[in-house]
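Structure first, commentary second.
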Amino acid sequence: MSMAQQAEPAVGTPPAPGSRRTDGRTTRRPLPLRLLARPEVGVFLGAAAVLVFFLVAAPPVRDGSSMANILYQSSTIGIMALPVALLMIGGEFDLSSGVAVISSALTASMLSYQLTLNVWTGVIVALAVSLAIGALNGWMVVRTGLPSFLITLGTFLFLQGANLAVTKLVTGNVATDDVSDMDGFGPARKIFASSFGVGGVQVKITVVWWLVFAALATWVLLRTRYGNWIFAVGGDKDSARAVGVPVTFTKISLFMLVGFGAWFVGMHNLFSFNTVQSGEGVGQELIYIAAAVIGGCLLTGGYGSAIGPVFGAFMFGMVQQGIVYAGWNPDWFKAFLGVMLLGAVLINLWVQRTATRR
């Protein structure tokens, strides 16, 4: 065989017109698999199924006022579920978030009433206290290296006891005094607890705040450097630190975001009911965490979204109110939540495996 013959390129069948050769590494995955890879897809399908179920099983749900109540119930959960979800994406937990809501409301109420101040003074001080609690939780987690589960469990127990003890000491009762006739109450109520009409149905302002916070959290996660930091520290904090991510700042600020959420919901409770029961809030932290998990946030951190917890909170509100509208025993609510949580975890696991399968 001559050298010229050896140098000639091999002749093969030419590719079909319009086709593109790939080696398997650059093949674009099908659209359904790319959609399944999104953490909020599974909970969206679950929320749609729950909605259809109660629309059929509980006819009162079809009424506009009933849906407004469901959205209101969902919003009070969802506003707190958002920062809890961001914290979980960052690889941490906060078990004190439920009682922190009550601590914030108690601070604003008692400070304003006992010192005869404008209620906005109490609101601002309560914000500072809530942010300080979050910062303390984050600082202790970062400095000690202990699991956030243990740190915030201690904070939970401390706040639970302090809420009751301080309220009884100051007011002589387990509830705070009525602040509805104090200066500044009207404007504060408009911001935190007012309603507005839509098609003859009264909708709570918390629904609007819930959607605004969800849009803001989504933008932060997907379009900012801080969002990249959250995913990085949740995935592997040591690797994140090695590439210049400010791990300490990110984690402490995430705990402070939970404190901000606790303050906002606490102010809503105060200006909705004019008084605060000091023993409430226990167990709510599990609802917030469950809404985030159902929304696709992994317990191990580094994965999740802000949209998923919105649908997760909606499922909670739908079930809680749907059981009442269906005329069922409300004692079944927690049973439904348990089934939803386990089902969501299994669905999320299946979605991830399907989405990553070649």
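The values are calculated or read from the model by the stated rules, or taken from the named source; none is laboratory data. In this text the structure is predicted, and so the values were computed from the model without any measurement. Positions of Cβ are generated from backbone atoms using ideal geometry, with glycine treated the same way; all protein chains shown enter the neighbour counts. Remember, those area values only see protein heavy atoms, side chains included, never the ligands or the DNA or RNA. Shrake-Rupley method; radii C 1.70, N 1.55, O 1.52, S 1.80 Å.
For every helix of n ≥ 4 consecutive DSSP H residues, a contribution of -39,500 (n - 2.57) applies; sum these over the chain, divide by its total residues, and give [θ] at 222 nm rounded to the nearest 500 deg cm²/dmol.
The per-residue figure over the chain is -23000 deg cm²/dmol.
Can you give the Rg to Rh ratio of the stretch 225-342, both from alpha-carbon atoms, with Rh computed by the Kirkwood formula?
1.06
For a quick check of understanding: with a 1.4 angstrom probe and all protein chains in place, what accessible area in square angstrom does Trp350 have, to the nearest ten?
That residue has around 150 Å² of solvent-accessible surface.
With every protein chain in place, what's the accessible area of Leu211 (1.4 Å probe, Å², nearest 10)?
Looks like 100 Å² after rounding.
Take each complete run of DSSP H in the chain, measure how far its Cα atoms stretch along the helix's own axis, and keep only those covering 18 Å or more with mean Kyte-Doolittle hydropathy at least -1.0; list them.
41-57, 64-89, 97-114, 119-144, 148-171, 205-223, 247-273, 307-325, 333-356
Please give the Cα centre distance for the stretch 64-107 versus the stretch 161-227, rounded to the nearest Å.
A separation of 10 Å, based on Cα centres.
Would you mind calculating the gained length between Lys334 and Leu169 on full extension (0.36 nm times residue separation, minus the Cα-Cα distance), in nm to one decimal?
Here the answer is 56.0 nm.
List residues of the stretch 262-303, by number, whose backbone nitrogen lies under 18 Å from a label position 7 Å along Cα→C-beta of Val212.
262-272
Relative to 2.2 N^0.38 Å, what does the C-alpha radius of gyration of the stretch 203-287 come to as a ratio? Two decimals please.
1.38
Specify, per residue and in Å³, the volume enclosed by the convex hull of the alpha carbon atoms belonging to the chain.
Given the Cα convex hull of the chain, per-residue volume reads 201 Å³.
Please work out the FRET efficiency for the pair Ala242 and Leu299, using the Cβ-Cβ distance as r and a Förster radius of 35 Å; give the result to the nearest 0.05.
0.90
Which aspartates and glutamates, if any, have their Cα less than 16 Å from the Cα of Lys190, not counting same-chain residues under 8 positions apart?
Within reach: Asp181.
Which residue, Ser66, Ser104, Ser278, tops the fluctuation ranking in a GNM of the chain built on C-alpha contacts under 10 Å?
Between Ser66, Ser104, Ser278, it is Ser66 that shows the largest mean-square fluctuation.
State the extension gain, in nm to one decimal, for the chain segment bounded by Leu153 and Val125, taking 0.36 nm per residue of separation less the distance between their alpha-carbons.
Fully extending the segment from Leu153 to Val125 adds 7.7 nm.
Hey, which lysines would be in cross-link range of Lys334, C-alpha to C-alpha under 26 Å, not counting anything within fewer than 8 residues on its own chain?
Cross-link targets: Lys204.
Under 16 Å between alpha carbons, and skipping anything fewer than 8 positions from Lys237 in its own chain: which aspartates and glutamates qualify?
Cross-link targets: Glu92.
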